Amino acid sequence: MDIRLAENCGFCYGVKRAVKMAEEAATLDGITKTLGPIIHNPQVVGKLEDRGISVAESLDDFTTGNVIIRSHGVGSATYVREEPKVTHIVDATCPHVKKAQRDAKEVVDAGMQLVILGEHHHPEVKSINLWANEKGIIIESEEEAESIQFVEKMGVVVQTTFSQYKFLSIIKTLETKTNE
């Protein structure tokens, strides 16, 4: 059998960074939990649980201690929420996701229609839309792009792991749905 490894394999930069931050957070005093799974990898999540880092689905499920924000990010309200039970916040949001979140907010703040290309139920897409006050139209197919209304101004933000092939086909359709 001939086994060949791809030139690029393994975790991306944002995932490596998030896992390293979580591992470092395991040394903090008190209970430490991630807001949602840190990444989409049950083995890594299990290894972190072995080190004492469990998963909370929301701050409401949290009792006390340290919170790690998952690599997919969270909505902006999480950062400003008064939470006396939280001792320390470790923001492991991927820097590329943070940029997409900021870009989405800027599009909405500028009065443009925001379109988010990505998987409807993906936590990254949800966090991007939360930064845009849930004003984004989430599109994951050409058919969905065809069905949106024409708008004068549109800004598009893309899930960082979205298929480039899908992106290129959908963007062609979106270009016919706006003047800018």
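The values are calculated or read from the model by the stated rules, or taken from the named source; none is laboratory data. Quick caveat: nothing in here was measured; it's all calculated off a predicted structure. Cβ coordinates were reconstructed from backbone atoms using ideal geometry, including for glycine residues, and neighbour counts include every protein chain displayed. SASA here: full protein model, heavy atoms, side chains in, ligands and nucleic acids out. Shrake-Rupley method; radii C 1.70, N 1.55, O 1.52, S 1.80 Å.
Mind checking which residues of the range 3-43 are surrounded by fewer than 16 Cβ atoms within 10 Å (Cβ to Cβ), of a type in the set (D, E, K, R) and part of a helix (DSSP H, G or I)? If the condition is that a residue be surrounded by fewer than 16 Cβ atoms within 10 Å (Cβ to Cβ), of a type in the set (D, E, K, R) and part of a helix (DSSP H, G or I), then Lys16, Lys20, Glu23, Glu24 are the ones that fit.
Return a yes/no flag: does the range 67-77 have any residue that is over 27 Å from Asn129 (Cβ atoms) and out of contact with any Cys (no Cβ under 7 Å at 6 or more places or on another chain). Checked against the condition, which is being over 27 Å from Asn129 (Cβ atoms) and out of contact with any Cys (no Cβ under 7 Å at 6 or more places or on another chain), the range 67-77 yields no hits at all.
Only one of the numbered conditions (1) under 11 Å from the mean Cα position of the chain (by Cα); (2) of a type in the set (Val, Ile, Thr); (3) surrounded by fewer than 16 Cβ atoms within 10 Å (Cβ to Cβ) is not met by Thr87, and that is (1).
Of all residues in the range 55-75, those satisfying the criterion of being open to solvent by less than 40 Å² (accessible area, probe 1.4 Å) and modelled with pLDDT of 90 or more are Ala56, Asn66, Val67, Ile68, Ile69, Arg70, Ser71, His72, Gly73, Val74, Gly75. Restricting the search to the range 68-99, which residues are without any contact (Cβ under 8 Å) to a residue 24 or more places away in the chain and over 24 Å from Tyr13 (Cα atoms)? Hits for the range 68-99 are Val80, Arg81, Glu82, Pro84, Lys85.
Could you say whether any residue in the range 101-108 is in a loop (DSSP other than H, G, I, E, B) and either in contact (Cβ under 8 Å) with a residue 40 or more places away in the chain or under 16 Å from the mean Cα position of the chain (by Cα) (or both)?
There is no residue in the range 101-108 that is in a loop (DSSP other than H, G, I, E, B) and either in contact (Cβ under 8 Å) with a residue 40 or more places away in the chain or under 16 Å from the mean Cα position of the chain (by Cα) (or both).
Residues checked against (1) assigned to a loop (DSSP other than H, G, I, E, B); (2) open to solvent by less than 90 Å² (accessible area, probe 1.4 Å); (3) closer than 23 Å to Glu57 by Cα; (4) of a type in the set (Phe, Trp, Tyr):
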| residue | (1), (2), (3), (4) |
| --- | --- |
| His121 | yes, no, yes, no |
| Glu124 | no, yes, yes, no |
| Ser127 | no, yes, yes, no |
| Asn133 | yes, no, yes, no |
| Thr160 | yes, yes, yes, no |
| Phe167 | no, yes, no, yes |
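The set of residues in the range 93-119 that are of a type in the set (Lys, Arg) and either loosely packed, with under 15 Cβ neighbours inside 10 Å or in contact with a helix residue (DSSP H, G or I) (Cβ under 7 Å, 6 or more places away or on another chain) (or both) comprises Lys99, Arg102, Lys105. On inspection, Glu143 passes the criterion of being out of contact with any Gly (no Cβ under 9 Å at 6 or more places or on another chain), open to solvent by 50 Å² or more (accessible area, probe 1.4 Å) and at pLDDT 95 or above. Do the conditions hold for Gly46, that is, is it without any contact (Cβ under 8 Å) to a residue 60 or more places away in the chain, part of a helix (DSSP H, G or I) and either open to solvent by less than 90 Å² (accessible area, probe 1.4 Å) or touching an Asp or Glu at 6+ places or on another chain (Cβ under 8 Å) (or both)? Taking the combined requirement at face value, the residue satisfies it.
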